[in-house]
Amino acid sequence: MRTLNQKLAVLMTMLAACLAAPFAAAKDVVVLDDGRRVTGDIVREIEGNVWMLVYFGDIKKQEFFSAASVKEIIRDAVADVAEQKEAPDKDVSKPGTLRGEVITLEGMVGVEFASKHLESLIPQLEKDIGEGGILVLKVNSGGGALLEIKPLSDTIENELKPRFEVVGWIESAISAAAMTSMTMERLYFLPEGNFGACTGWYGQLTAVKGRGLEETKELMRMITARGKRDYRIMEAMQGNPDKDTPLSATVDPDGTVHWYSDEDSGKVLVNPAGEILTFNSVQAEKLRFSEGIARNLDELAQEMGYDEVEWVGKWQSDLIFPVGRAEAENRRWRDFVSQDNQKLELAVAKYQLYLGTARSVQGKARGIMVNKARGFLRDIRRFYSESPNSILFTLNLTPDDFELWYEQQDEILRDLMRP
Amino acid sequence: MKRFRTGIPLALAAAMVGVLAAAAPIGALAFTATAIAEPDDTAQATLDKLILRNGKVIEGTIIRETTDKVYINVVVGNLSAQTVYEQADILQIIHGDQPAEADAEPGDADQAQAGDTPRSEAGGEAASSDAPSVYLINLEGQFGRDISPTPVRDAMEAAEKEQPDFLIVYLNNKWGDLFSELPNDYQDNFDWFMVAEKIVPIFTREIDLNWEKKPSLVFWVRNAMGGAAFLPWVADEIYMHPEGRIGGVGTLEKMFEGVGDEIVRQKQRSLRLGMAQGVAIAGGYDYRLITAMARKSYVASYDIYGNIYERMPENPGEEVLTDDGKDKNQDTMQQLITGEGNDVLTLKPRTALQLGVSKGTAKDLDEVLEHLGILRNHRLIEGRSNDIMDDWHRNVARAERKIPKLWQEFNEVQVSGTVREQTQALSHRISILKEMQDLYRRYGEAFNPFAGGVPRVNQLDMMIEQINIQITLLKA
């Protein structure tokens with residue numbers, strides 16, 4: 001068995017390797033206005049805005065720095081010929097070759113808009129648009145479960161951002177959908193877009209208070225930091241049962257926005273005391289919360305600073321974007337788990353109906369009823385496999401509880417078949 | 001992207017419908033009404049024409065032309081008014097004594113109209129073969145029931161087949177209380193937005209994506225109250241009927257009153273307002289008008305140029321759009337009855353015109369066509385859309401009558417006798433339930449606009465499952 005010192009030595013070596021990695025791979029340094037120096041590979045520059053791949057050990061992440069925040073760029077600061085030979089597969093400096101895909105995040109957060117599924121699309125997305133491709137997360141959701149916000153934010157931050165250039169395209173991001181979307185640094189709005197109203201609640205419009213509220217606030221401090229946004233905006237969107245959360249702002253001529261948690265300090269009253277903030281597309285753009293308004297993909301590409309993007313997929317007559325293979329799978333899955341048609345509710349109700357009947361009859365009839373019940377139980381399991389949280393909202397069971405429940409039901413059905 | 005329309009170009013339209021006093025003078029394009037002109041066929045035959053870049057044709061007598069402006073005495077019907085157009089907005093000027101350039105070539109197919117007064121359909125004469133086509137859809141009845149997504153989509157599909165140049169939607173939804181026509185702008189109607197937002201894309205996204213030829217979408221509004229108030233914002237141009245109203249969605253503050261915590265109520269109001277504002281923004285209108293319609297606490301004023309200020313009037317020429325509705329500012333019962341309150345905004349012709357929402361006031365279709373500059377030369381297309389809307393209205397009513405009858409029939413089916421007879425009876429019951437399901441699927445959105453009939457379809461599905469169990473047990 002290795003001693004503690006040996007373990008520490010191994011850990012130190014791993015840490016040193018991690019720390020060394022960025023410098024070994026790095027060529028450029030961006031010096032920011034706040035004094036920070038960020039080292040990595042600049043992959044794109046448009047009108048002073050910089051996109052850079054930065055490295056944390058084996059993890060690679062694309063960062064965006066607005067022109068206003070960049071003080072200086074030192075190119076080839078750490079030249080490494082070997083690394084230059086291992087340039088990324090994709091020549092992102094050629095805008096004509098840049099590919100993009102739209103993934104729609106719709107429905108209830110936690111059911112149709114879920115982290116596990118979003119993560120499952122990554123391999124197909126890599127095939128569709130390649131590393132560094134543009135991933136547009138088009139959001140249209142009225143919110144949902146608070147418990148899904150962090151997993152979704154983690155997926156966007158840790159899995160999608162390192163692989164793709166991720167931007168949000170907001171049709172409607174309300175409550176948990178807005179809280180999730182805060183992870184993205186760059187948001188574009190459809191003209192009808194709206195974003196906010198993040199107050200946590202349950203039951204008969206009862207506000208989340210106490211520990212639950214504080215935990216949510218803390219979570220959102222972390223997520224707004226990921227999206228490089230001022231938490232005071234989210235505070236005005238969340239509100240607080242114990243005090244008003246007004247918000248005002250001043251936009252400097254250079255585009256810098258100063259936010260104030262009161263009605264008077266800023267030149268623009270953003271959220272009056274006693275109200276909850278929801279941005280529309282005009283407000284969001286005016287206050288630099290969004291990068292712009294885009295009603296279609298051409299406008300989106302233009303707003304992003306690209307002359308041309310190859311949007312992958314097939315155009316459909318009812319959509320404003322082509323459906324790539326990843327999005328096609330996304331739509332198939334969402335249709336299956338959709339709460340709108342209440343398929344899971346029906347499966348649960350029918351399972352209970354057949355189970356109840358099976359208990360009340362004997363012989364061959366019982367066998368038929370049990371078989372029918374078993375069919376619906378399997379349907380319920382399929383819903384669980386595709387969307388674990390859907391079970392929470394229908395049967396009020398957590399994923400762990402569901403396994404126990406399923407086992408128990410299976411046993412009941414087997415017992416009913418015993419002579 | 002279209003932006004908020006100012007009040008300036010509306011001056012002409014105002015003059016045409018006699019609301020001049022409120023609209024003039026307006027900046028550089030100020031005009032004054034002249035005496036009502038006697039119709040003069042000879043004069044009309046030699047009228048000058050301005051073809052504007054937006055496709056409109058203005059007829060009248062040009063008084064003066066400068067390098068950047070054209071001063072013209074516009075003649076519409078029995079009215080004439082002097083107005084000014086920027087040269088930049090004009091594509092072509094055709095003087096009354098000259099043939100149009102395109103028509104000047106001998107043998108040109110369009111020569112028939114060269115130099116002539118375009119033939120007026122309104123006057124009983126045939127329009128020229130290339131006259132702009134006009135298609136009219138009437139949206140009347142109860143919003144959410146008669147005016148609901150399925151018939152509107154079907155009506156629009158029928159319109160699409162005709163490929164009109166102008167698609168005019170006449171909106172006149174039923175609105176009133178027990179006594180049917182008394183205006184009440186304070187009903188708790190904001191959630192009808194949830195129905196409106198299903199109709200809005202039919203006029204916007206679906207036209208953009210699917211129509212081979214995109215028409216100029218015109219809303220002519222007589223009553224757009226409650227959920228219907230969210231529809232006109234999709235239009236390229238809005239015209240108001242002299243009795244026209246857009247509103248009835250306040251007050252948001254009353255929504256969920258007394259339920260749960262205030263902060264959650266505020267959240268619910270905020271998200272609804274944000275969504276509704278988006279419809280106005282997408283149409284190129286000022287979202288603050290939606291706020292003024294919805295929030296009693298919202299204070300705003302406006303000036304003759306159509307500018308909105310989020311405060312009470314401070315300067316001469318400014319008027320209250322909405323006050324805070326508190327204490328002495330609270331609307332009186334009389335104001336509520338006459339529809340003159342200002343706690344929340346109900347847009348009426350004059351205000352709509354001044355704010356740039358409406359381009360003019362029109363008491364009938366001819367006046368709408370006058371405003372569009374095509375009264376004298378257009379083709380009115382007879383399509384199926386209005387039949388579709390009427391059929392929907394009738395079919396919904398029939399379905400509503402039929403469902404209770406089917407239910408009665410279901411209950412009257414006797415399940416007795418042999419196994420075969422019982423099975424047959426149960427099968428009959430299933431067929432009745434399936435017929436009811438079909439009616440809910442087809443017309444459920446009219447019975448329950450918020451759920452589209454889904455709950456009832458599923459309930460009936462469970463009943464069918466129960467009968468299937470009975471049949472299985474009979475056979476086992």
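Placing a pseudo-label 7 Å from each Cα along the Cα-to-Cβ vector at A:E308 and A:D264 gives an inter-label distance of 5.7 nm.
Packing-based ranking of B:392-405, A:318-331 yields A:318-331, B:392-405, ordered from highest to lowest mean Cβ neighbour count within 10 Å. Counting Lys and Arg as +1 and Asp and Glu as -1 over every other residue whose Cβ lies under 10 Å from the Cβ of A:L269, the net charge comes to -3.
Between B:E340 and B:M194, how high is the FRET efficiency from 1/(1 + (r/R0)^6) when r is the Cβ-Cβ distance and R₀ = 35 Å? Nearest 0.05. It comes out at approximately 0.75. Considering only A:V348, A:V102, A:V167, the Gaussian network model of chain A with Cα springs below 10 Å gives its largest mean-square fluctuation to A:V348. Have a look at B:Q466, B:T423, B:F410 and report the one farthest towards the positive end of the charge dipole of the range B:339-476, computed about the Cα centre with Cβ charges (Lys/Arg +1, Asp/Glu -1). Of B:Q466, B:T423, B:F410, it is B:T423. In the range B:277-298, the residues that give up 40 Å² or more of accessible area when the other protein chains are added, compared with the chain on its own (1.4 Å probe), are B:I281, B:A282, B:Y287. Of B:R272, B:R429, the residue with the largest accessible area leads and the full order is B:R429, B:R272 (1.4 Å probe). Shielding value for B:362-372 is 0, the average number of Cβ atoms from other chains within 10 Å of each residue's Cβ.
Just the number, please: carbon plus sulfur as a percent of the accessible area of the range A:95-337, 1.4 Å probe, no ligands or DNA/RNA counted. Mind showing how you got there, number by number?
Values: 4110 of 8870 Å².
Heavy-atom surface of the range A:95-337 belonging to carbon and sulfur, 1.4 Å probe: 46 percent.
Over the whole of A:289-299, what's the average partner chain Cβ count within 10 Å per residue? Rounded to a whole number, please. Please report the intermediate quantities before stating the final value.
Working: counts 0, 0, 0, 0, 3, 1, 5, 2, 0, 0, 1.
Taking all residues of A:289-299 together, the mean is 1.
The H on the amide N of A:N240, modeled in the peptide plane, is under 5 Å from the matching H of A:T245, each at least 5 residues off or on a different chain.
Ignoring ligands, DNA and RNA, what percent of the 1.4 Å accessible area of the range B:308-373 is carbon and sulfur?
Values: 1450 of 3070 Å².
The nonpolar share, carbon plus sulfur, comes to 47 percent.
Ordering B:360-370, A:206-216, B:276-286, B:310-320 by mean Cβ neighbour count within 10 Å, with the highest value first, yields B:276-286, B:360-370, A:206-216, B:310-320.
Counting heavy atoms of the protein chains only and a 1.4 Å probe, report the per residue accessible area for the range B:326-367 as a whole number of Å². Mind showing how you got there, number by number?
On the way: 2000 Å² over 42 residues.
Accessible surface, normalised per residue, equals 48 Å².
Figure note: B:Y305, B:Y71, B:Y239, B:Y170 ranked by solvent-accessible area, largest first, 1.4 Å probe, ligands and nucleic acids not counted: B:Y305, B:Y71, B:Y170, B:Y239.
Kindly report the accessible area of the range B:388-475 per residue (heavy atoms of protein chains, probe 1.4 Å, no ligands, DNA or RNA), in Å². Working shown, then result.
Values: 4830 Å² over 88 residues.
For the range B:388-475, the per-residue accessible area is 55 Å².
Of the accessible area of the range A:343-417, with the probe set at 1.4 angstrom, what percent is carbon plus sulfur? Accessible surface attributable to carbon and sulfur in the range A:343-417 totals 49 percent. Dimensions of the range B:227-316 based on its C-alpha atoms, expressed as ranges along the principal axes with the largest first, amount to 42, 32, 25 Å. When chain A is treated as a Gaussian network with alpha carbon springs shorter than 10 Å, the biggest mean-square fluctuation among A:R163, A:R221, A:R334 belongs to A:R221. Note on chain A: with a GNM built from Cα contacts shorter than 10 Å, the maximum mean-square fluctuation among A:S387, A:S66, A:S115 falls on A:S66.
Using a probe of 1.4 Å on the protein chains alone, the accessible area found for A:H258 is around 70 Å². Measuring heavy-atom accessible area with a 1.4 angstrom probe and counting protein chains only, the residues of the range A:165-207 that give up at least 50 Å² relative to the chain alone are A:E192, A:L205. Bridging of B:K475 to aspartates and glutamates at a Cα separation below 14 Å is possible for B:E421, once same-chain residues fewer than 8 apart are set aside. The accessible area of B:M436, taken with all protein chains in place and a 1.4 Å probe, comes to roughly 0 Å². Across peptide B:466-473, the mean count of Cβ atoms from other chains lying within 10 Å of each residue's own Cβ comes to 4. Pairing chain A with chain B buries about 3600 Å² of accessible area. This figure sums both sides and uses a 1.4 Å probe. Tell me, how many Å apart are the Cα centres for the range A:319-371 and for the range A:186-232? Result: 33 Å between the Cα centres.
With a simple spin-label model that places each label point 7 Å from the Cα along the Cα-to-Cβ direction, the separation between B:E262 and B:E412 comes to 5.9 nm. The packing ranking, built from the mean of other Cβ atoms within 10 Å per residue, places the peptides B:258-268, A:280-290 in the order A:280-290, B:258-268, highest first. Entry comment: accessible area of the range A:343-417 is 50 Å² per residue, from protein heavy atoms only and a probe of 1.4 Å. Taking every protein chain into account, the 1.4 Å probe leaves A:F164 with about 0 Å² of accessible area, to the nearest ten. Cα centroid separation, the range B:247-313 to the range A:281-312: 26 Å.
The values are calculated or read from the model by the stated rules, or taken from the named source; none is laboratory data. Given the structure is predicted, the values throughout are model-derived calculations rather than measurements. Using ideal geometry, Cβ is built from the backbone for each residue, glycine included, and neighbour counts are taken over all protein chains shown. For the accessible areas, the whole protein counts, side chains as well, though only heavy atoms, and no ligand, DNA or RNA atoms are used. Shrake-Rupley method; radii C 1.70, N 1.55, O 1.52, S 1.80 Å.
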